[in-house]
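Let me begin by presenting the structure, written as structure tokens, before commenting on it.
The values are calculated or read from the model by the stated rules, or taken from the named source; none is laboratory data. Nothing here was measured: the structure is a model prediction, and the numbers come from that model. As a convention, Cβ positions derive from the backbone with ideal geometry for all residues, glycine included, and neighbour counts pool all protein chains shown. Protein only, heavy atoms only, side chains kept; ligands, DNA and RNA dropped before computing areas. Shrake-Rupley method; radii C 1.70, N 1.55, O 1.52, S 1.80 Å.
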Amino acid sequence: MDRLILAIDQGTTSTRAIAFADSPQGGFRSVAVSQIELAQHFPHSGWVEHDAAEIWHATLRTCRAVIAEAGGIDRFAAIGITNQRETAVLWDAASGEPLHRAIVWQDRRTADVTARLTAEGHEPMVQAATGLILDPYFSATKFAWLLDAVPGARARAARGEVRLGTIESWLIWKLTGGARHVTDATNASRTSLMDLETRQWRDDLCALFKVPREALPRILGCSDHFGDCDPALLGAALPIHGAAGDQQAALVAHGAMKPGDAKITYGTGAFLVANVGASPVISSRRLLGTLGYQLGDTAAWALEGSIFSAGSAIQWLRDGVGLLSDSAQSEAMARSLPGNGGVYLVPGFTGLGAPWWEPDARGTLTGLTRDSGPAHFVRAALEALAYQTRDLLDALAADGAPPLAVLRVDGGVTANAFAMQFIADICEVTVERPALQEMTALGAARLAAFGIGLIDNLSPAATEAPTVWTPRMDPADRARLIKGWQSAVRAAIIAAQ
Ligand code: ADP
């Protein structure tokens, strides 16, 4: 048997399967890829749903395509899964069919529930227990909504007839032919129901959020044996030996295994995850306390901060305003100017994320003069990536997180060398972009490879050299620019009030 790993990367907009092979340098390389887009359903304003059955069928099709392309199931040693986090699924234990469309992480339908729990004073307890603030983003209120919306579901849950889970849990159930109802500790850490320290469900949280513990999956480590595939599905009883939420899988893929190691993924939004070491940190700056990974009984915790609009600001300039014909053009336009000319863009299109959490903030342009033109807007959008990252890193430092040696980056925006240099300059940190960009899938593959003993550690593999940007900005310039940004953020927040 060859030692290929089948990674399933179930994301918000598509489902992908990738076959990874060990490369002679000790890294991994992808040898086959299959991808299917996922339909998005918006039944009401603020509601976002996926069809869990569609996700399952796409998973099966992409896995079969990749197995065939890579030369057959006998070449594979294990499966690793990574997924969009927080998205909630309710299904029938007997038929294995979803009982409702899945509620996607972006969905705000339970905002009234979390607002009520906040008003009742529950947030400090929830944050101390789970690391998370009270927000509809997390799975608990979505699970409860599903149980209330589907007729008879609560009564059936009490009789053990229905199952709840996030996407990896749903896929493992289907892949094992209904034999295993399990989750991994990183996905569980995003539900608001798991004690961040002990990594077990808590009865008081289940009671608070009205989610019956019996309907929840068992929590395992990220490289544990999650079950074996039903041989009728893929042609063999391949073991599922890796699972982690997408951002945590990227953390593992970057080899960010020590306290002070951090990664940020710059896609539509941006997600910073910083390894804080062998015990949980509860943020005083509205970052999220979360699990980095669990390997056997060893766990590493992390702090996380999300930027809602990163690449989407460039998309807006391209598709909404028509200033760019493609995203890559933004680099030359930004470089055409000697500086930002005092123009700042706060991309609060959908509110501001960490550390502000201002859902009502809106996009704001400041510092315009008669000299301001298209290049200023584009440059301001790229510079905003750096200022927002700096805000997150300052919050991390204020929370007592270990200082960052290097900021590891991935995602579509990292193709922009101007933006990456500007991030290094404003954040005063070395920025490193690995040669391989499939970080979430790679993380799942490495966890599975570790789980079956194919690799003996998860430290960074000796792959192709990364691209590196080091800080070189004059400190006085940096201080002046950051001051301008802070005024612009104040304007964006005041405009929302
Ligand atoms: P996601 O996974 O969230 O869909 P990707 O990692 O594929 O996102 O990145 C896509 C984003 O990257 C888009 O918002 C796009 O505007 C942005 N992007 C792509 N190339 C560049 C570039 N050269 N400069 C700036 N932004 C870019």
Enumerate the whole-percent occupancy of each 20 Å bin, from 0 to the last occupied one, for all C-alpha pair distances of the chain. 24, 57, 19, 0
Of 41-54, 281-294, ordering from highest average Cβ density within 10 Å down gives 281-294, 41-54
So, relative contact order of the chain in percent, Cα under 8 Å, 6 or more apart, is 15
Using a cut-off of 12 Å between beta-carbons, work out the net charge of the residues near Phe42 (Lys and Arg +1, Asp and Glu -1, Phe42 not included). +1
Rounded, prolate or oblate: which fits region 1-98, taking a ≥ b ≥ c as square roots of the Cα gyration tensor eigenvalues, rounded meaning a/c under 1.5, else prolate when a/b beats b/c? prolate
Tensor-based shape of region 131-237 (alpha-carbon gyration tensor, a/c under 1.5 rounded, otherwise prolate or oblate): oblate
Quick one: check the C-alpha center-to-center distance for region 116-192 versus region 364-393, whole angstrom. 39
Dividing the convex hull volume of the Cα atoms of region 50-112 by its residue count, what figure in Å³ per residue is obtained? 115
Debye sum, Cα scatterers, region 74-199, no solvent: what log₁₀ I/I(0) at q = 0.10, 0.19 1/Å? -0.34, -1.10
Gyration tensor on Cα atoms of region 118-179, a ≥ b ≥ c root eigenvalues, a/c under 1.5 rounded, else prolate if a/b beats b/c, else oblate, says oblate
Rg [Å, one decimal], Dmax [Å, integer] - region 4-247, C-alpha atoms: 18.0, 58
Over the chain, with every protein chain in place, what whole percent of the accessible area is carbon and sulfur at 1.4 Å, could you tell me? 52
Could you compute the net charge surrounding Thr130? Neighbours are other residues with a C-beta less than 12 Å from the C-beta of Thr130; K and R count +1, D and E count -1. -2
Could you work out the local net charge near Leu220, counting Lys and Arg as +1, Asp and Glu as -1, over the other residues with Cβ closer than 13 Å to its Cβ? -1
Can you give the angle from 0 to 90° between the axis of helix 139-149 and the longest principal axis of the chain, with both taken from C-alpha atoms, to the nearest 10? 60
